[in-house]
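Notes for the one structure printed next.
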Amino acid sequence: MMPSYFFAHGAPSLVLENHAYTDVLKKFAGSIPKPKAIVLFSAHWEESVQTVSAVDEYSTIYDFGGFQDELYRMTYPAPGERSLSERIQSLFTKQGIPSKLDEKRGLDHGAWAVLKLLYPNADIPVVALSVNRYLTNEQQYEIGKALSELREQDVLIIGSGGTVHNLRSVNWRAQGGDEWAGAFDNWLQDKLETWDTASLFNYQELAPHAAMAVPTNEHFIPLLIAMGAGDANRQAKLLHRSYQYGNLSLSCWQFD
């Protein structure tokens, strides 16, 4: 069964960087069989109803400003797969999760910057999905769980976001990670590895420095979705964790 994954997408410039985390992403394709398709939830696509892309080929969205000119010339023209989009919508319907198809939207940087490092040839069909910050944490988990059977069909499920993502607290000149960010991620690691969903669903109240680490939850949601997709076996493995700018987390989780 194909594992599901959570990848931090960091700053948009991640795709141009060279460090330990980008090395992990660039080597990722060699660690698993080539998937038949990729299903990706991006923190940068928010909708009030679960939305599933259904395009023939993706355009590239430059949803950022002030970065290197090279970024605005990059594209990721991955193909879509309408039959998989409809299959996903059917799985959501089966679990009572309202959804709709989107036939126009391209890939935002939360999707294409990660995918360009993982699979630079853009030769694997992609279905992009939105997140909804107003659902409960339990509901986020159930969204991933609803799609878990796709893993048996060699479909790679990815959540793209960030466990510590507070742009007001970043220090663009900092080296290493801030202590408070590490404390939050250490708590998170323990709860993920023990599959303590009761605590995870209440991380805002229980985790140290939760309000600093997750001031808004759209970047945390993809982690819960990826975890939910791994509900059958409930095995979590941290593949990498580091920090940029003091507290912008770069982490990768595998859910078997």
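Rule-based calculations on the coordinates, nothing more; no lab input. As the structure is a computational prediction, the values presented were derived from the model and not from experiment. Here the Cβ is made from the backbone with ideal geometry for all residues, glycine too, and neighbour counts use every protein chain on show.
For the peptides 111-118, 168-175, 86-93, 227-234, the ranking by mean Cβ contacts within 10 Å, running from highest to lowest, is 111-118, 227-234, 86-93, 168-175. Counting only aspartates and glutamates at least 8 places from LYS94 when in the same chain, those with an alpha carbon closer than 19 Å to its own are GLU86, GLU138, GLU142, GLU149, GLU152, ASP231. All Cα-Cα separations within the stretch 98-171 were binned at 5 Å from zero, giving a P(r) of 3, 10, 19, 22, 23, 14, 6, 2, 0, each value a whole percent of the pairs. With 5 Å bins beginning at zero, the pair-distance distribution over Cα atoms of the stretch 48-87 amounts to 6, 20, 18, 17, 16, 13, 8, 2 %.
Among the DSSP beta bridges whose two residues both lie in the chain, what percent are antiparallel, rounded to the nearest 5? Spell out each step's value before the answer.
On the way: 14 of 36 bridges.
Within the chain, antiparallel bridges account for around 40 percent of the total.
Pick out, from LEU71, LEU118, GLN95, the residue whose Cα sits farthest towards the positive end of the charge dipole of the chain, with +1 on the Cβ of Lys and Arg and -1 on the Cβ of Asp and Glu. Of the options given, the answer is LEU118.
Between beta-carbons, use under 14 Å as the cut-off and find the net charge around PRO208, counting Lys and Arg +1, Asp and Glu -1. Residues near PRO208 contribute -4 overall. Under 5 Å between amide hydrogens, built in the peptide plane, is the criterion, and for VAL127 it picks out ILE38, VAL39, LEU40 among residues at least 5 positions away or on other chains. Only the Cβ atoms of Lys and Arg (+1) and of Asp and Glu (-1) were treated as charged; on that basis the dipole of the chain about its Cα centre amounts to roughly 240 debye. Based on C-alpha pairs under 8 angstrom that are at least 6 apart in sequence, the chain has a relative contact order of 32 percent.
For the listed residue pairs LYS100/LYS145; LYS36/LYS104; LYS36/LYS145; LYS100/LYS191; LYS34/LYS145; LYS26/LYS100, the alpha carbons are over 27 angstrom apart in LYS100/LYS191; LYS26/LYS100. All other residues whose Cβ lies under 12 angstrom from that of THR51 are scored, Lys and Arg at +1 and Asp and Glu at -1, for a net of -1.
In whole angstrom, the stretch 1-150 maps to an equivalent ellipsoid with semi-axes of 25, 17, 15, each derived as √(5λ) from the alpha carbon gyration tensor and ordered largest first. By the Cα gyration tensor, the stretch 80-124 has an equivalent ellipsoid whose semi-axes, rounded to whole angstrom, run 25, 11, 10 from largest to smallest.
Close amide H pairs (under 5 Å, H built 1.01 Å from N) link ASP154 with MET2, residues at least 5 positions away or on another chain. Report relative contact order for the stretch 109-229 in percent, whole number only (criteria: Cα-Cα under 8 Å, sequence separation at least 6). Answer for the stretch 109-229 is 45 percent. The largest-to-smallest principal axis extents of the Cα set in the chain are 46, 44, 34 Å.
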